[in-house]
Amino acid sequence: MMISLSYYLIFSAALFSIGLFGVLARKNAVAILMGVELMLNAVNVNLVAFWRFRTPELIAGQAFAIMVFAVAAAEVAVGLALIISIYRRRNTVVADDIDMLKL
Amino acid sequence: MTPLLVIFIITAAVTLGAALMVVTVRNLVHAALWLVVTLFGVAVMYVLLNAGFLAVAQVVIYIGAIAILMIFAIMLTRHVAIDTGPQVNANWIWAAVLSLALFAALSWTLASWSGFSTALPEMSPRADPLRQLGTALVSPDLYVIPFEVASVLLLAALIGAIMVAWERR
């Protein structure tokens with residue numbers, strides 16, 4: 001029995017769903033960012049699996065995964081800076097308490 | 001059962017279990033350490049998929065930089081992080097239902113696709129994905145523009161992060 005594409009797709013669907021649960025259910029903003037990281041990783045596994053199984057002669061899947069790496073790094077840097085800035089002003093990192101934009 | 005399949009199953013189980021711990025464990029520092037385990041499992045997945053460069057980049061960028069940055073942020077906001085009480089909000093049951101529904105919908109949609117169980121194609125022995133990736137990222141008719149735009153985005157994001165986190169006196 002060999003590994004087929006379906007194994008990787010199911011794996012990354014499960015990882016994406018777990019990440020979505022983390023984003024929706026967690027209170028702490030840093031934990032929400034961790035959920036986003038899980039979702040981005042699931043997307044990357046999908047991209048690389050499609051590259052390996054469907055178009056191994058084109059490199060597009062891997063090249064796009066590199067872009068996702070760069071965007072993920074940018075997202076984490078800005079997100080953590082925002083969290084630290086909010087923590088300084090409001091002394092909280094709970095996403096429910098961050099409602100300065102509310103009227 | 002080929003050895004590769006055994007490795008895949010073990011890696012998938014460890015990765016998904018660690019991911020579950022990331023989203024459920026109460027202590028945030030432990031969550032960050034479980035996140036490291038998850039990211040490492042994904043790196044093993046890249047190795048299984050013949051994407052060696054991505055596996056190394058995963059270890060260096062995700063585990064070496066992003067996870068460590070997370071741990072720094074948790075420690076800088078520490079006394080609220082060890083706050084007692086539940087770490088999930090009141091709607092967590094709906095979040096769980098929605099996630100399970102998404103997983104079911106994704107699996108069902110994928111299973112009805114004809115290419116779902118594509119077998120692993122042979123890599124030609126002369127193929128060199130690393131060299132191919134390197135030239136693709138810098139050749140003008142492939143991905144040099146997205147590559148440069150990504151680097152400008154990263155630079156802008158890092159400068160923005162410094163500005164946002166700057167403590168004005």
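Observations
- Looking across segment A:38-73, the residues that are more than 7 Å from chain B (Cβ to nearest Cβ), assigned to a helix (DSSP H, G or I) and farther than 22 Å from B:Val36 by Cα come down to A:Phe50, A:Trp51, A:Ala60, A:Gly61, A:Phe64.
- Counting only helices (runs of 4 or more DSSP H) that fall entirely inside segment B:8-122 and contain at least 1 residues that are of a type in the set (Lys, Arg) and out of contact with any His (no Cβ under 6 Å at 6 or more places or on another chain), the qualifying elements are B:78-81.
- For A:Val78, the test of being out of contact with any Leu (no Cβ under 7 Å at 6 or more places or on another chain) and within 8 Å of chain B (Cβ to nearest Cβ) is passed.
- Lone qualifier among B:Ile145, B:Ile159, B:Ile93 - being exposed (fewer than 15 other Cβ atoms within 10 Å of the Cβ), more than 9 Å from chain A (Cβ to nearest Cβ) and farther than 30 Å from A:Ile84 by Cβ: B:Ile145
- Residue check for A:Ala29: more than 7 Å from chain B (Cβ to nearest Cβ) and either at pLDDT below 85 or surrounded by fewer than 17 Cβ atoms within 10 Å (Cβ to Cβ) (or both): no
- B:Leu137 modelled with pLDDT of 80 or more and under 28 Å from A:Leu9 (Cα atoms): yes
- Yes/no for B:Gly52 being of a type outside the set (A, V, I, L, M, F, W, C), modelled with pLDDT of 90 or more and outside the structural domain of B:Ala165 (by TED's automatic domain parsing): no
- Hits in segment A:81-93 - residues which are of a type in the set (A, V, I, L, M) and either within 15 Å of B:Ile66 (Cα to Cα) or at the interface with chain B (Cβ under 7 Å from one of its Cβ atoms) (or both): A:Ala81, A:Leu82, A:Ile83, A:Ile84, A:Val93
- Subset of segment B:115-130 that is touching a residue at least 40 places away in the same chain (Cβ under 8 Å) and at the interface with chain A (Cβ under 7 Å from one of its Cβ atoms) - its residue that is surrounded by the most Cβ atoms within 10 Å (Cβ to Cβ): B:Pro129
- Within segment A:6-18, the residues that satisfy the criterion of being facing another protein chain (nearest Cβ under 7 Å) and either surrounded by 22 or more Cβ atoms within 10 Å (Cβ to Cβ) or on the phi > 0 side of the Ramachandran plot (or both) are A:Leu9, A:Phe11, A:Leu15, A:Ser17, A:Ile18.
Condition check ((1) more than 8 Å from chain A (Cβ to nearest Cβ); (2) small (Gly, Ala, Ser); (3) under 28 Å from A:Ala25 (Cα atoms)) across all residues:
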site: B:Leu102; (1), (2), (3): no, no, yes
site: B:Ala105; (1), (2), (3): yes, yes, yes
site: B:Gln132; (1), (2), (3): no, no, no
site: B:Ala136; (1), (2), (3): no, yes, no
site: B:Leu154; (1), (2), (3): no, no, no
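The values are calculated or read from the model by the stated rules, or taken from the named source; none is laboratory data. Please read these numbers as outputs of a predicted model, since none were measured by experiment. When we count neighbours, we look across all protein chains shown, and the Cβ atoms used for this are built from the backbone with ideal geometry, even at glycine.
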